[in-house]
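The values are calculated or read from the model by the stated rules, or taken from the named source; none is laboratory data. Since the model is a prediction, treat every value here as computed from it, not as a measurement. So basically every Cβ, Gly included, is an ideal-geometry build from the backbone, and we count neighbours across all protein chains shown.
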Amino acid sequence: MKLITAIIKPFKVDDVKTALKGIGVVGLTLTEVQGFGRQGGHTETFRGSEYQIDFVPKVKIEAVVRPEDVDRIVEALVDAARTDKIGDGKVWVTDVDMVIRIRTGERGSDAL
Amino acid sequence: MKLITAIIKPFKVDDVKTALKGIGVVGLTLTEVQGFGRQGGHTETFRGSEYQIDFVPKVKIEAVVRPEDVDRIVEALVDAARTDKIGDGKVWVTDVDMVIRIRTGERGSDAL
Amino acid sequence: MKLITAIIKPFKVDDVKTALKGIGVVGLTLTEVQGFGRQGGHTETFRGSEYQIDFVPKVKIEAVVRPEDVDRIVEALVDAARTDKIGDGKVWVTDVDMVIRIRTGERGSDAL
Amino acid sequence: MDSGNVAWVLICGALVLFMTPGLAFFYGGMVRSKNVLNMLMMNFWCVVVVPLLWVVVGYSLAFNGTGGWLGNFDKAFGRGFDFSGMEPVVMIFLATFAAITPALIAGAVADRMKFAAWAIFVPLWSLVVYVPVTYWVFAPHGWLRARGSLDFAGGTSIHVNAGIAALAVVLVLGKRRGWPKEGAPPHSMPLVMLGTGILWFGWFGFNAGSELAADGVAVQAFINTFLAAAAAGLAWCLVERVRDGHITSLGVASGIVAGLVAITPACGFVTSMSSIAIGLIAGVICCFAVRVKFRFGYDDALDVIGVHLVGGLVGSVLIGFFADPAALGYPPGKGVGADGLLRASQGLFFGGGGGLLAEQLLANGVVLVFSFVVTFVLAKALDATIGLRSTEEDEVVGLDVTQHGEAAYHSGSDRSMDRTF
Amino acid sequence: MDSGNVAWVLICGALVLFMTPGLAFFYGGMVRSKNVLNMLMMNFWCVVVVPLLWVVVGYSLAFNGTGGWLGNFDKAFGRGFDFSGMEPVVMIFLATFAAITPALIAGAVADRMKFAAWAIFVPLWSLVVYVPVTYWVFAPHGWLRARGSLDFAGGTSIHVNAGIAALAVVLVLGKRRGWPKEGAPPHSMPLVMLGTGILWFGWFGFNAGSELAADGVAVQAFINTFLAAAAAGLAWCLVERVRDGHITSLGVASGIVAGLVAITPACGFVTSMSSIAIGLIAGVICCFAVRVKFRFGYDDALDVIGVHLVGGLVGSVLIGFFADPAALGYPPGKGVGADGLLRASQGLFFGGGGGLLAEQLLANGVVLVFSFVVTFVLAKALDATIGLRSTEEDEVVGLDVTQHGEAAYHSGSDRSMDRTF
Amino acid sequence: MDSGNVAWVLICGALVLFMTPGLAFFYGGMVRSKNVLNMLMMNFWCVVVVPLLWVVVGYSLAFNGTGGWLGNFDKAFGRGFDFSGMEPVVMIFLATFAAITPALIAGAVADRMKFAAWAIFVPLWSLVVYVPVTYWVFAPHGWLRARGSLDFAGGTSIHVNAGIAALAVVLVLGKRRGWPKEGAPPHSMPLVMLGTGILWFGWFGFNAGSELAADGVAVQAFINTFLAAAAAGLAWCLVERVRDGHITSLGVASGIVAGLVAITPACGFVTSMSSIAIGLIAGVICCFAVRVKFRFGYDDALDVIGVHLVGGLVGSVLIGFFADPAALGYPPGKGVGADGLLRASQGLFFGGGGGLLAEQLLANGVVLVFSFVVTFVLAKALDATIGLRSTEEDEVVGLDVTQHGEAAYHSGSDRSMDRTF
Ligand SMILES: Nc1ncnc2c1ncn2[C@@H]1O[C@H](COP(=O)(O)OP(=O)(O)O)[C@@H](O)[C@H]1O
Ligand SMILES: Nc1ncnc2c1ncn2[C@@H]1O[C@H](COP(=O)(O)OP(=O)(O)O)[C@@H](O)[C@H]1O
Ligand SMILES: Nc1ncnc2c1ncn2[C@@H]1O[C@H](COP(=O)(O)OP(=O)(O)O)[C@@H](O)[C@H]1O
């Protein structure tokens, strides 16, 4: 099994979800995160004091998938998340030893 | 070292924590996440407009553990988190190259 | 590629960010998490009923980096995050199969 | 028709109307974020449904009579009011009291009651419990009032009445899953403190407005409302400091409300110093009373019983000791009050003997029994028909989504969602 | 100068001032957290800019005249007020009305308007639209009023006026990206409910204060304000229950506001039972009206048109049917009202024939056309010069950060940030 | 006893009571979520403790005297009030002033003060600083007032007094860890804006109620309170626009409060146009004053000094220029005011020469010195005994959990927790 992790722009969540659903991804987990990167942040002013906010809101999407599906899914994800503007985010893939469905105890691809 | 990641139902957090504590897990990290899966979500209505909310609140639990403990811990976790209802969640295990305790710089199992 | 994951004390975020920036880390992702560990939590009282709160607020930092940079970065991170008080947190490193920049589709170290 | 009195009672009416949202936030902050809208809705429902009922028939039945037991229909449908006199002012002022009384009960049934059941419970309870009790205690010829029991602004008819009714409903409704082993800390204490501020602010209208005139008694009631709340807030803080080691914001908020409840029946009959005493006593007693539910195992989620029932009883009984209408310039025993029919005697501490105390005990005893029995029967009937309790699944998911199809907060700073119409 | 009347109108003025923050929270809770401060600012901007304009020149132009079309400058710069009479009280009371009227429009343009454009739009609109319309409808000699049309507290001059202006602005401004396919649920419903509570509370001052005295008509207006809000809230809930299967908190809040809007023009001319009827009708109609935007494709973000324009029209037209000043003790047709110049005739249902209805239709028709045209031109002019619309990038990032350099919430419990000065 | 005046002053008292929760939210929204309950508690503590002290002894010492320096005990323990006159109304009205004054200081000591120390500081400070200063400035025979200095609603005795006391306390208390390098942005700006709305609403009672009657002067004070707040809010916005490029919500809120502070001493002595001038001046000056702390390095966390001390001084000194009691119908120099003892002279701009200005400078100078010295000694004494400052560990973890055993928010939508009793 492989774990696909993607950091995307929040307003792209629906598009990505729809795209992944479209190619048979039946489950994923989403986390609200904050990103630091080339995109840079913004400044805020409170009573004349300026603050540099380096972190911008992002969404992290994690999906455990079958190894053979990784390339298709990553491709679909990247297409759906791309806006061609800086800050679109990253996708990375890591190896998973095993996955279990809590409800049934099923393992491996049956657990997805 | 191995990293156990579990997505569970929020109201199961206490049970899972107690169970893991019981079998000697001394530390873990929790994140509030939102899950998309078979369980499906719900609809919300605002001034007559309907929205399909596909994501349901879940909690992600991460614990770095000794390889030899993985099976016992996963088992305990699954038992504690199971409600036999759809949406109970997943557990997956990934490999960890090294772990360090920031305070002491200890590495490996001493760091847990 | 390697993924460095660190759990640190929230008020250390700026120091850590600055330190990593200093040694050339151009991007990272931050998540507000809650930690359970040796540090213990605190009790809260509501109308005379006590609650034991085991989880303390922490921040999780994730950075995908080149394998050869791991040691330098981990070291810098640990130094910046250390307060020598219990609860400083952990750092762990996992292997990453591949990483892609969504905007450009670049892979590997070019994606960072 | 004196413009100063009209201005005073109208603005007091607006203040009391504002109390129901205040109560909604006070309660709503204490529940988990999955149930907060349901709590707000239980309160807002009272304020849209009950006032209509009040104007259509409630007021006439609760105030317009010559017998001791119940009013008639002469003032039903807003008929027969003379707008050159105070009566329409009084009618609408009291509509806000009718609205907030069932809302008090919402705190006890939090997190688990089917909204449909609540929606039906509220108007029925107002008619079969609130209206008769109000007549007995408040109406010029009400039998409990005629006997000489005193209730200036609604300690017996509102707080004791709603508090005991809350007990009856929770006994039928049962405990929340996990309770008492598990508890759910407030999802937003600032919301609770906002509710507290609004309640105190509005309570000046509730108590001092009940004089129905801007005169010396209203001033005394205003002063007492201020002091009793402060004294009870302080008392609760001190108990917490000694007992728990901490002074909590929920503690001071609870104490303030307990003091306001306790002074409600007494505020027009006691002196400033007595109001401080009443506040201190109520603060201490209620601070312990909120823990009684763990001993007896009834799940009064947000302590309606510990604060409103107990606080109301404390204040109402203490009238028997502290009442000093003479000091306030009432001709004692003579007909006084807005309608000239009130008989205000002295309390035990001020040369009045035990007579008044006895009447206070009787009046509250009567209300306790009547309200508990009728409410219990009503709750049982609803449970047997449409069912009071939400499903366990709904309780886990939360009442906001399951009862109202809404969620209170959507944090995702700029996640938008597809509309499905 | 009667102290009771002064006290009443002053406190009502404070209540109406409090309504603008209330409106800000009502609207602010409905937008996403990235745009909430911008929404609050659009409202607060009105309350800092417009009252100054009002005292400097607005009041004099909007009320102080002898012709039918516009006032003069005799009372400009706060000159010429007699502080032993009611006029300065009336002037400042009405300043709060002037402030909240443009604020109503903010709900329609939410999430996408450049703040600089809003900052300029507000004072200009107040001068070229609000001032003349107010003179025609409200001023003693205003031509629409002189003809006999009735508007007790601002249904035509405020809600219809602001509602149609909102339509004109959104037509120039265009839709939010993604709308109507995507929508954005309220980021904080408790904030919406807080706004609702404050609005209802303040609306008593808005309506009953408009009598400018604490008398029987004020009492009737107060009662009607209470009942119509409750009736409309109830009606909206029932429609939702039947149509959507759920009763929502946003629904009851919307219904309450719709009822308050609808009774605003009528509250001083109808009986209690008529106010319930008006509330029920307004609640049902507005509950459907808020969905019209999807059919016609104008992006009225927070339903200013569906609630304020439609609700205002409903109430204003229903005066033609329900007006019954005789029952309220006005000498019908004779000169009455605070300035002794009002001609209040009976409505269709109460023996008045269709005359009043015709005047109501005329008055609202005139305001609809005038306000739409002038506002449309004004919006076009601003768009052509400084531009009305924020960049798409700013819209995505959010208006709080891009327009105001602030974020509404900083949750990180103890993350501190480096100050860069 | 005029019912209109009683109604007016009572409702104003309720409005001022509501201001302390308002201030709590204004401050509470500006701190991090780990410290918000502590901030709310510092405010609520004032409102439960000080009014009791006030009725028991404070009022009598602060108002009931014949000498120039301090009152006596004749009205202690609520004794000796005639409820057919205005005095009890005045006493309770002023209790709310006594409560909010120390609460103002809370903004300066945010995030780091031990709650136990605050709990003791508040009543002591009220007795040794607030009571004498109030007597000198406000009491009929107070020496500063007798000399002819003017303070209509508490600019000198409340805002200057609390502002300079705040400076004394923070000098003893020291800076927050990380300050000024690090700062902590507001955890909830909507909460700040809510506080702002409540403060403005309540301030009408604070200022216009201080006339203690519903008459022409009250109307002028009401108008001025409205206009100065608007003008200062606008001024602050314009400075921000020019200086920082953005108009912020915290900016408009700060400006509004600065204007309210500045007009407080002047509202009953100046004309409408003068109040606009005072507001504009105060808005600009305070907008720069809040940055002075970075130059001098005192950690006035939420700018009590920059807004209340500076704003109070500005308003109080400008009385010397703008006072025009003649235009307001006061017989100049003659005995006027509620107690008939006030001597109101003209300001420099209105033919009064420099006399009044000199008195204003003297009065504020005296209060600055007295309040600073006594407060500094008091703070040092507390620091030496129980300690003012929380531990660094507590400061990092947050004061809510460490001082009160509570957390403000529990977001986990349905996480429940084991009760340990
Ligand atoms: N090395 C990294 N490790 C983890 N997350 C990263 C890394 N680099 C960037 N990110 C995440 O991706 C987001 C976008 O990256 P950024 O450099 O801003 O733009 P782009 O993806 O177009 O290069 C960042 O906000 C951060 O959340
Ligand atoms: N492939 C996956 N990758 C990551 N998370 C998943 C995946 N599938 C499911 N999840 C998580 O598990 C939760 C429960 O899964 P779901 O399919 O709803 O029920 P069940 O676990 O009973 O099959 C989801 O809400 C989601 O958070
Ligand atoms: N085995 C673990 N797996 C994942 N996270 C852990 C683990 N142990 C500790 N943590 C995280 O590290 C934080 C600090 O750990 P703790 O034991 O409290 O102190 P220390 O790091 O000084 O040993 C915890 O709050 C938790 O978030």
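Among the candidates C:Val99, C:Val16, single out the residue that is away from ligand 2 (no atom under 16 Å from the Cβ), touching a helix residue (DSSP H, G or I) at 6+ places or on another chain (Cβ under 9 Å) and more than 9 Å from every other protein chain (Cβ to nearest Cβ).
C:Val16
Sort out which residues of region F:202-233 are surrounded by fewer than 24 Cβ atoms within 10 Å (Cβ to Cβ) and of a type outside the set (A, V, I, L, M), and write them in order of number.
In the first step, residues of region F:202-233 are kept if they are surrounded by fewer than 24 Cβ atoms within 10 Å (Cβ to Cβ); the result is F:212-213, F:215-216.
The answer is F:Asp215, F:Gly216.
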- Identify the single condition in (1) modelled with pLDDT of 95 or more; (2) farther than 27 Å from F:Gly4 by Cα that F:Ser33 does not satisfy, given that it satisfies every other one. (1)
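Would you point out which residue out of B:Ile23, B:Ile53 is within 16 Å of ligand 2 (Cβ to nearest atom) and either among the aliphatic types (A, V, I, L, M) or away from chain A (no Cβ under 14 Å) (or both)? Walk me through how you get there before you give the answer.
Values: B:Ile23 fails: within 16 Å of ligand 2 (Cβ to nearest atom).
Testing whether each residue is within 16 Å of ligand 2 (Cβ to nearest atom) and either among the aliphatic types (A, V, I, L, M) or away from chain A (no Cβ under 14 Å) (or both) leaves just B:Ile53.
Yes or no: C:Ile61 over 18 Å from B:Gly27 (Cα atoms), surrounded by 21 or more Cβ atoms within 10 Å (Cβ to Cβ), at pLDDT 95 or above and not small (Gly, Ala, Ser)?
On the way: over 18 Å from B:Gly27 (Cα atoms): no; surrounded by 21 or more Cβ atoms within 10 Å (Cβ to Cβ): yes; at pLDDT 95 or above: yes; not small (Gly, Ala, Ser): yes.
So C:Ile61 fails the test.
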- Message: Is it the case, given these coordinates, that C:Gln39 is away from ligand 2 (no atom under 16 Å from the Cβ), on the phi < 0 side of the Ramachandran plot and touching a Leu at 6+ places or on another chain (Cβ under 7 Å)?
- Response: no
- Just one of F:Phe26, F:Phe18 is closer than 23 Å to D:Trp203 by Cα and either facing another protein chain (nearest Cβ under 10 Å) or of a type in the set (A, V, I, L, M) (or both); which is it? F:Phe18
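Any chance you could count how many residues in region F:234-251 are touching a strand residue (DSSP E or B) at 6+ places or on another chain (Cβ under 7 Å), surrounded by fewer than 24 Cβ atoms within 10 Å (Cβ to Cβ) and in a helix (DSSP H, G or I)? Break it down stepwise before answering.
Start the filter on region F:234-251 by keeping residues that are touching a strand residue (DSSP E or B) at 6+ places or on another chain (Cβ under 7 Å), which leaves F:244, F:246, F:248, F:250.
When the remaining residues are screened for being surrounded by fewer than 24 Cβ atoms within 10 Å (Cβ to Cβ), the result is F:244, F:246.
Among the residues that remain, those that are also in a helix (DSSP H, G or I) are: F:244.
Within region F:234-251, residues that are touching a strand residue (DSSP E or B) at 6+ places or on another chain (Cβ under 7 Å), surrounded by fewer than 24 Cβ atoms within 10 Å (Cβ to Cβ) and in a helix (DSSP H, G or I) number 1.
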- Sole residue being closer than 14 Å to F:Thr96 by Cα, surrounded by 24 or more Cβ atoms within 10 Å (Cβ to Cβ) and in contact (Cβ under 8 Å) with a residue 12 or more places away in the chain, chosen from F:Gly28, F:Gly4, F:Gly71, F:Gly58: F:Gly58
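Within region F:372-388, can you find the residues that are among the polar types (S, T, N, Q) and crowded, with 17+ Cβ neighbours inside 10 Å?
The initial filter retains those residues of region F:372-388 that are among the polar types (S, T, N, Q), namely F:375, F:385.
Hit for region F:372-388 is F:Thr375, nothing else.
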- Note on the structure: Every listed condition ((1) in contact with a Gly (Cβ under 9 Å, 6 or more places away or on another chain); (2) closer than 20 Å to B:Asp14 by Cα) holds for B:Asp54 save (2)
- A:Gly87 fails exactly one of the following numbered conditions: (1) more than 7 Å from every other protein chain (Cβ to nearest Cβ); (2) within 16 Å of ligand 2 (Cβ to nearest atom). What is the number of that condition? (2)
- Message: Anything in region D:282-302 that is assigned to a helix (DSSP H, G or I) and surrounded by 24 or more Cβ atoms within 10 Å (Cβ to Cβ)? List them, or say none.
- Response: D:Ala282, D:Gly283, D:Cys286, D:Cys287
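A quick yes/no check of all residues on (1) among the charged types (D, E, K, R); (2) closer than 30 Å to F:Gly183 by Cα; (3) out of contact with any Asp or Glu (no Cβ under 6 Å at 6 or more places or on another chain); (4) within 14 Å of ligand 1 (Cβ to nearest atom):
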residue: C:Leu3; (1), (2), (3), (4): no, no, yes, yes
residue: C:Thr18; (1), (2), (3), (4): no, yes, yes, no
residue: C:Gly27; (1), (2), (3), (4): no, yes, yes, yes
residue: C:Gly37; (1), (2), (3), (4): no, yes, yes, no
residue: C:Glu44; (1), (2), (3), (4): yes, yes, no, no
residue: C:Met98; (1), (2), (3), (4): no, no, yes, yes
residue: C:Thr104; (1), (2), (3), (4): no, no, yes, yes
- When restricted to A:Leu112, A:Leu30, the only residue within 7 Å of another protein chain (Cβ to nearest Cβ), over 30 Å from F:Glu240 (Cα atoms) and out of contact with any His (no Cβ under 6 Å at 6 or more places or on another chain) is A:Leu30
- Going by the structure shown, is E:Ser60 facing chain F (nearest Cβ under 10 Å) and either within 30 Å of E:Pro185 (Cβ to Cβ) or not β-branched (Val, Ile, Thr) (or both)? no
- Query: Out of all the residues in region C:74-89, is one or more away from ligand 1 (no atom under 13 Å from the Cβ), more than 23 Å from B:Leu28 (Cβ to Cβ) and of a type outside the set (Asp, Glu)?
  - Reply: yes
- Take C:Gly24 and decide whether it is within 17 Å of the chain's Cα centre (by Cα) and modelled with pLDDT under 95. yes
- Message: Tell me yes or no: at least one residue of region B:56-73 is within 16 Å of ligand 3 (Cβ to nearest atom), assigned to a helix (DSSP H, G or I) and within 7 Å of another protein chain (Cβ to nearest Cβ).
- Response: no
- Could we say that E:Trp45 is crowded, with 24+ Cβ neighbours inside 10 Å and either more than 8 Å from every other protein chain (Cβ to nearest Cβ) or under 20 Å from the mean Cα position of the chain (by Cα) (or both) here? yes
- Quick one: what pairs do we get from region B:83-112, first residue closer than 11 Å to C:Val91 by Cβ and touching a residue at least 12 places away in the same chain (Cβ under 8 Å), second of a type outside the set (A, V, I, L, M, F, W, C) and within 16 Å of ligand 1 (Cβ to nearest atom), C-beta under 6 Å, 6+ apart or different chains? B:Val96/C:Thr94
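Each row is one residue, and each column tells you yes or no for (1) farther than 24 Å from E:Ala14 by Cβ; (2) touching a residue at least 24 places away in the same chain (Cβ under 8 Å); (3) part of a helix (DSSP H, G or I).
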| residue | (1), (2), (3) |
| --- | --- |
| F:Trp179 | yes, yes, no |
| F:Pro185 | yes, no, no |
| F:Gly195 | no, yes, yes |
| F:Trp200 | no, yes, yes |
| F:Ala208 | no, yes, yes |
| F:Gln220 | no, yes, yes |
- Hey, E:Gly174 surrounded by fewer than 24 Cβ atoms within 10 Å (Cβ to Cβ), over 21 Å from the mean Cα position of the chain (by Cα) and without any contact (Cβ under 8 Å) to a residue 12 or more places away in the chain or not: no
- Could you grab me the full set of residues in region E:258-281 that are farther than 19 Å from E:Leu23 by Cα, assigned to a helix (DSSP H, G or I) and under 17 Å from the mean Cα position of the chain (by Cα)? E:Gly279
- Which residue, of E:Ala166, E:Ala116, E:Ala139, is in contact (Cβ under 8 Å) with a residue 60 or more places away in the chain and farther than 26 Å from F:Thr248 by Cβ? E:Ala139
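Would you confirm whether any residue within region A:38-48 is facing another protein chain (nearest Cβ under 7 Å) and closer than 22 Å to C:Val99 by Cα? Walk me through it before giving the result.
Step one: list which residues in region A:38-48 are facing another protein chain (nearest Cβ under 7 Å), which gives A:38, A:42-48.
With the extra rule that they be closer than 22 Å to C:Val99 by Cα, the set shrinks to A:38.
Yes, because at least one residue in region A:38-48 is facing another protein chain (nearest Cβ under 7 Å) and closer than 22 Å to C:Val99 by Cα.
Looking at region A:74-84, which of the residues that are in a helix (DSSP H, G or I) and away from ligand 2 (no atom under 16 Å from the Cβ) is surrounded by the fewest Cβ atoms within 10 Å (Cβ to Cβ)? Lay out the reasoning, then the answer.
Filtering region A:74-84 down to residues in a helix (DSSP H, G or I) leaves A:74-81.
Checking which are away from ligand 2 (no atom under 16 Å from the Cβ) leaves us with A:75, A:78-81.
On the way: A:Glu75: 15, A:Val78: 23, A:Asp79: 13, A:Ala80: 20, A:Ala81: 24.
Looking at residues that are in a helix (DSSP H, G or I) and away from ligand 2 (no atom under 16 Å from the Cβ), I get A:Asp79.
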